[in-house]
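The values are calculated or read from the model by the stated rules, or taken from the named source; none is laboratory data. Since the structure is predicted, the reported quantities are computational estimates derived from the model, not experimental observations. Please note: Cβ atoms are built from the backbone with ideal geometry, for glycine as well, and neighbour counts cover all protein chains shown.
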Amino acid sequence: MNTSSNPHNKSTFSINHDTLLFWGLGAGLMATLFTLFPTYSSIPLFYKLVGVFSLSRIAIGQLYHSQETVVSALGLDMYWAVASLSTLFLLWCWMWLIERRTFWTLLKGKRIIMSYARGVLIGIVMMSASVLVLLLFNAITHKTPVISQTHREDLAGASLAFLGWMLQGLKEECVYRGWLLPLLGVRYKPWPSIIFSSLAFALMHITNPHVTLIGVMNLTLFGVFCAVYALATDNLWGVAGMHAAWNWTEGHVFGLPVSGISYHGGSMVVFQNSKNVWLNGGAFGPEGGVAVTVVLLLSIIFASLVLRFRIQPFFPSVFPAKRRAA
């Protein structure tokens, strides 16, 4: 059936300015609920259950704060495993009970390993480019220690920490680019959907320590790049790898704060801010500085033009029932 002959189907796929704000805010709040509620509820529950089974709840809970780098990295991995799996479980329940579709409709893409590896490389290059800008403008200073047993442990811990960031990146990409972006996209034009989902992603970080206006703007741009990259490649795995590598490189390769938080688990080298807070982001980390703004803007332009940005086929494909009705 042609959608133009059915006003009910037509309203599904065309923008409605009267309801865009209401629907966008509602869907954005649901995405935030999926992301934050399981994290703050499942972690204490997990430690309590561990205690019930006669293990040391205190010891498990303090793994992340251990003075031993590798143990701390294991604690970080455990934290992200519990937080991410609980978020994905809640999202699965919602999709199964309310939307009546399978969770696997989120995980678009073929050649998963190759796509993920390419995304990891892109994330490393983008964050490294940001740090290079900071170095060129003397906005950070280098504090790499000499090679020692401690430094070898830092390398091991930093490498191990990547497993946790893989889960964290997949979790947020499933929620914001896998679920929220197509949910808005089947109802409205592509760019409003990209902007709303990216704003929701950025505002999810609003309670992070040392958050700034530039930080929120950069997180929004990061969300835009992730959306453009996912839509241009018609693949969620690549952007999940990019997200994981971006955070891991920032926190565990260069030892800088990730969205206002300095994570344990070791770092391969250590940098610290020196001056030009507007450029390096201060205590919020590079994501709060103009250097990252420039890198993200250039990356969005690159992804839009070089990757032949095509977005229309993506949205209906994740809602096959609605596509058939059209």
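At-a-glance table
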read-out: Candidates 87, 141, 105 - the one that is buried (at least 17 other Cβ atoms within 10 Å of the Cβ) and either of a type outside the set (D, E, K, R) or modelled with pLDDT of 95 or more (or both); value: 87
read-out: Count of residues meeting criterion [within 15 Å of residue 135 (Cα to Cα) and either in contact with a Phe, Trp or Tyr (Cβ under 8 Å, 6 or more places away or on another chain) or part of a loop (DSSP other than H, G, I, E, B) (or both)] in segment 250-286; value: 12
read-out: Answer from 122, 113, 98 - the residue that is surrounded by fewer than 19 Cβ atoms within 10 Å (Cβ to Cβ) and under 23 Å from residue 249 (Cβ atoms); value: 113
read-out: Residues (of a type in the set (Val, Ile, Thr) and within 19 Å of residue 227 (Cα to Cα)) located in segment 83-126; value: 105, 112, 120, 122, 124, 125
read-out: Enumeration of residues in segment 268-293 that are surrounded by fewer than 16 Cβ atoms within 10 Å (Cβ to Cβ), farther than 18 Å from residue 251 by Cα and not basic (Lys, Arg); value: 278
read-out: Selection status of residue 121, of a type outside the set (Gly, Ala, Ser), part of a helix (DSSP H, G or I) and within 16 Å of the chain's Cα centre (by Cα); value: yes
read-out: Some residue of segment 200-213 being part of a helix (DSSP H, G or I), under 21 Å from residue 33 (Cβ atoms) and among the β-branched types (Val, Ile, Thr); value: no
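Every residue, every condition in (1) β-branched (Val, Ile, Thr); (2) modelled with pLDDT of 95 or more; (3) in contact with a Gly (Cβ under 6 Å, 6 or more places away or on another chain); (4) surrounded by 24 or more Cβ atoms within 10 Å (Cβ to Cβ), yes or no:
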site: 219; (1), (2), (3), (4): no, yes, no, yes
site: 225; (1), (2), (3), (4): no, yes, no, yes
site: 233; (1), (2), (3), (4): yes, no, no, no
site: 248; (1), (2), (3), (4): no, yes, no, yes
site: 255; (1), (2), (3), (4): no, no, no, no
site: 315; (1), (2), (3), (4): no, no, yes, no
